[in-house]
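The values are calculated or read from the model by the stated rules, or taken from the named source; none is laboratory data. Source: prediction; values computed, not measured. Here the Cβ positions follow ideal geometry from the backbone for every residue, glycine too, while neighbour counts run over all protein chains shown.
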Amino acid sequence: MLQDEENGIEEIIKEDIWGSIEEFLGLGFHYGEGENSIHITVGLLLLLTVTMIMTGFVLKWLRKLFTRKMESDDKLKFISIFKFIKYVVYVVVILLTMSAAGINVTVILTASAALFVGLGLALQELFQDIIGGIFIIIDKSLRVGDIVEVNGKVGKVFEIKLRTTRAITRDDKVIIIPNHHFISDIIYNYTQNHKSTREKVSVGVAYGSDVELVTNLLLEAVGEQKGALKNPKPFVLFDDFGDSALLFSVNFFINDSFSDPRIKSEIRYRIDTKFRANNISIPFPQRDVHIIQQQLNKDNV
């Protein structure tokens, strides 16, 4: 008897309750028969809705997991990327739903393949810039305030976006750098390791000059310069014996590489003043012209 009651309850669940649910989920639009039939039902639409909601939650969780250690400004830059990924996932889910409904999505994909290829080629550089921006933000290879040299132009970075990086040059002009240059080209970052950089000013003096005096005067010129660091200490190198001069360079460290040209200019002024006061001459190239008299006599004949 107990067995009969259990069988009765099971039949009620299968036939009445679950049967009603299946009937409700099966409601919808039905067209055609066999392999070419299309069925857009309540169950399919519910599945699509739940899948999209779950996809949104998963992507939101992944974004929080991926950006949990980033600064607030960097987190905002990734919102657009995850929005794009979310839309792509939604398109895939819709196509899968259409396929489950019996709609032949192969025709749609084939028709749009040429469009996708052309769009991919057109946006290839854009994607490279975005990937470069992602690498910059993740590995911190570039930061706001860094001084970089790109194609002979020196600029101070003031904004890093996903596609481009903006820097202001020494002549107060804004240079916009596509981010793919930072992963494909050689870029000099003056302040990657630390703020201070080593600079130098080169000068030539006449042969016969007192090299010890020249060395002391160069160190004095740098020591009096505002912006040149006392530590590490400046030093002078006797670079070479030139064609017309003895070549020296005074090396020093500064904390503001962006003001490098102005500091070097002031040091050159000081060097010129000190050399004049101590009778140290800065030579210029000279050439001797030899006239062959024999050739001139032949030309006169």
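From the list 215, 165, 191, which residue is surrounded by 14 or more Cβ atoms within 10 Å (Cβ to Cβ), of a type in the set (Ser, Thr, Tyr) and part of a strand (DSSP E or B)?
Sole residue among the options that is surrounded by 14 or more Cβ atoms within 10 Å (Cβ to Cβ), of a type in the set (Ser, Thr, Tyr) and part of a strand (DSSP E or B): 165.
What single numbered condition from (1) part of a helix (DSSP H, G or I); (2) of a type outside the set (S, T, N, Q); (3) outside the structural domain of residue 160 (by TED's automatic domain parsing) fails to hold for residue 201?
Here residue 201 clears every test but (1).
Being of a type in the set (Asp, Glu), surrounded by fewer than 13 Cβ atoms within 10 Å (Cβ to Cβ) and part of a strand (DSSP E or B) is the filter here, so list the residues in segment 235-269 that pass it.
Selection gives 240 alone.
For segment 197-237, give me the residue count where each residue is touching a Pro at 6+ places or on another chain (Cβ under 8 Å) and of a type in the set (Gly, Ala, Ser).
The number of residues fulfilling the criteria is 4.
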